[in-house]
Amino acid sequence: QVTLVESGGGLVQVGGSLRLSCAASGRTFSDYTMAWFRQAPGKDREFVAAISGLGGSTSYGDSEKGRFTISRLNTKNMMYLQMRSLEPEDSAKYYCAASSALELLSHEGDYDYWGQGTQVTVSP
């Protein structure tokens, strides 16, 4: 069992930045591929970014490339999402997820554990 807790969400103006954090506990953190997803009201959950167990590989959704950076610090059992140049379309609840698969997967069904989410709101 892996427990995930997100933090760092909030209200930010267009063009601003936020850093989300995900704290993990329960199993060997580096054994898991980690990812961020987001879900806006009335929309499907969307893949944001993923990072391999040792942090050497990353992948991003199309709308996030160049603006968001995913990272992890295995010694602290932490994962991060640095978000820059935020737009109103980035407003959503952001979820941290963990998968025992080695691949950088982008489908929510491939992830075994989920946090409760943290809300990000970008105001015009």
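The values are calculated or read from the model by the stated rules, or taken from the named source; none is laboratory data. Because the structure is predicted, anything quoted here is derived from the model rather than measured. Reconstructed Cβ throughout: ideal geometry from the backbone, glycine too, with neighbour counts over all protein chains shown. The area values use the complete protein model at the heavy-atom level, side chains included, leaving out ligands, DNA and RNA. Shrake-Rupley method; radii C 1.70, N 1.55, O 1.52, S 1.80 Å.
Things to note:
- The lone exception for Ser25 - which of (1) open to solvent by 10 Å² or more (accessible area, probe 1.4 Å); (2) among the hydroxyl-bearing types (Ser, Thr, Tyr); (3) out of contact with any Phe, Trp or Tyr (no Cβ under 7 Å at 6 or more places or on another chain); (4) modelled with pLDDT of 95 or more it fails: (4)
- Residue tally, condition of a type outside the set (A, V, I, L, M, F, W, C) and at pLDDT below 95, over the range 90-106: 3
- In this entry, Arg38 is excluded by the filter for residues that are of a type in the set (D, E, K, R) and more than 21 Å from Thr3 (Cα to Cα).
- Residue check, Arg38 of a type in the set (Lys, Arg) and touching a residue at least 60 places away in the same chain (Cβ under 8 Å): yes
- When the range 54-96 is filtered for residues that are buried (at least 17 other Cβ atoms within 10 Å of the Cβ), of a type in the set (A, V, I, L, M, F, W, C) and touching a helix residue (DSSP H, G or I) at 6+ places or on another chain (Cβ under 8 Å), only Met83 remains.
- Taking the range 98-124 as the range and being open to solvent by less than 50 Å² (accessible area, probe 1.4 Å) and either touching a helix residue (DSSP H, G or I) at 6+ places or on another chain (Cβ under 7 Å) or acidic (Asp, Glu) (or both) as the test, the residues that pass are Ser99, Ala101, Val120, Val122.
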